[in-house]
Amino acid sequence: MYEDKSHEYFALVRKDISPLLPAHAERVLEIGCGTGATLAWLKNEGRADWVGGIELNGSAAALARPRLNLLLEGDVDRQIEQLPPQSIDLILCLDVLEHLVDPWQTLQRIESRLRPGGQLIVSLPNIRHYSVLLPLLLRGRWQYAPAGIMDRTHLRFFSRQTAVELLQQAGLPVSQLRSTYAWGTWDRWKDWLSLGLLRGFFSFQYLLAARKPAHNAFP
């Protein structure tokens, strides 16, 4: 099914993560890096010195390879074993964990590659969004689509709470959490009018940042 995805699906620059990014990270790894557009942006902006990616799709990987310091092509659970433990300062998992059979186990492997004090940034679609719930409640429809929350390649689904728990079970406490909105200002207004009480229904996606605890100086 990934072969059916458009070029734009793999080429998006994820500038929406800017508020969660550290000022600078020496070594950055992106899981599911697509064509490497986000990593190239970080390096061009001086936000990273070394950028590496793991990508399953062969066509996207071929475009990413000349843009990155390292490109590993294939399944993340196998490819990440090629990286030394505690060797990465920042890892990006942007709309990728929901595609995995066992994202909980994969995050354990990802965490082991982070240096103490290193940061993980994750984006996950919100299954509680009204565009999913209303068709299910009113018409009994659970309809997959080429992209979006109900992307037919999604294997796992998360709400705000389970997204936070996903990171916590890997030993990565969430330090920042932001919502994104499918319809921009209109959904923001609906969130505001509900006093934030219905935010879980208007949030299209969650952006989460977590930091690996630094080693204690005195055990």
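The values are calculated or read from the model by the stated rules, or taken from the named source; none is laboratory data. This structure is a prediction, so every number in the text was calculated from the model and none was measured. For neighbour counting, all protein chains shown are included, and Cβ atoms are generated from backbone atoms with ideal geometry for every residue, glycine included. Protein only, heavy atoms only, side chains kept; ligands, DNA and RNA dropped before computing areas. Shrake-Rupley method; radii C 1.70, N 1.55, O 1.52, S 1.80 Å.
Would it be correct to say that residue 27 is under 24 Å from residue 154 (Cα atoms) and open to solvent by 30 Å² or more (accessible area, probe 1.4 Å)? Against the criterion (under 24 Å from residue 154 (Cα atoms) and open to solvent by 30 Å² or more (accessible area, probe 1.4 Å)), residue 27 does not qualify. Taken residue by residue, the stretch 62-69 has at least one member that is surrounded by 22 or more Cβ atoms within 10 Å (Cβ to Cβ), in contact with a helix residue (DSSP H, G or I) (Cβ under 9 Å, 6 or more places away or on another chain) and assigned to a helix (DSSP H, G or I). Scoring residue 184 on the criteria (1) modelled with pLDDT under 95; (2) open to solvent by 70 Å² or more (accessible area, probe 1.4 Å) leaves a single failure, condition (2).
Rundown of residues vs (1) open to solvent by 20 Å² or more (accessible area, probe 1.4 Å); (2) within 14 Å of residue 31 (Cβ to Cβ); (3) free of Cβ contacts under 8 Å to residues at least 60 places away in the same chain; (4) not charged (D, E, K, R), yes/no style:
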site: 93; (1), (2), (3), (4): no, yes, no, yes
site: 100; (1), (2), (3), (4): yes, yes, yes, yes
site: 110; (1), (2), (3), (4): no, yes, no, yes
site: 135; (1), (2), (3), (4): yes, no, yes, yes
site: 146; (1), (2), (3), (4): yes, no, no, yes
site: 153; (1), (2), (3), (4): no, no, no, yes
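Taken over the stretch 71-107, the criterion of being within 15 Å of the chain's Cα centre (by Cα) and farther than 21 Å from residue 151 by Cβ is satisfied by 90, 91. It is to be established whether one or more residues within the stretch 188-210 are among the hydroxyl-bearing types (Ser, Thr, Tyr), over 17 Å from the mean Cα position of the chain (by Cα), modelled with pLDDT under 95 and open to solvent by 40 Å² or more (accessible area, probe 1.4 Å). Among the residues of the stretch 188-210, not one is among the hydroxyl-bearing types (Ser, Thr, Tyr), over 17 Å from the mean Cα position of the chain (by Cα), modelled with pLDDT under 95 and open to solvent by 40 Å² or more (accessible area, probe 1.4 Å), which makes the answer no. For the stretch 112-125, a residue qualifies if it is under 24 Å from residue 37 (Cβ atoms) and either open to solvent by less than 10 Å² (accessible area, probe 1.4 Å) or part of a strand (DSSP E or B) (or both), and the qualifying residues are 114, 118, 119, 120, 121, 122, 123, 124, 125.
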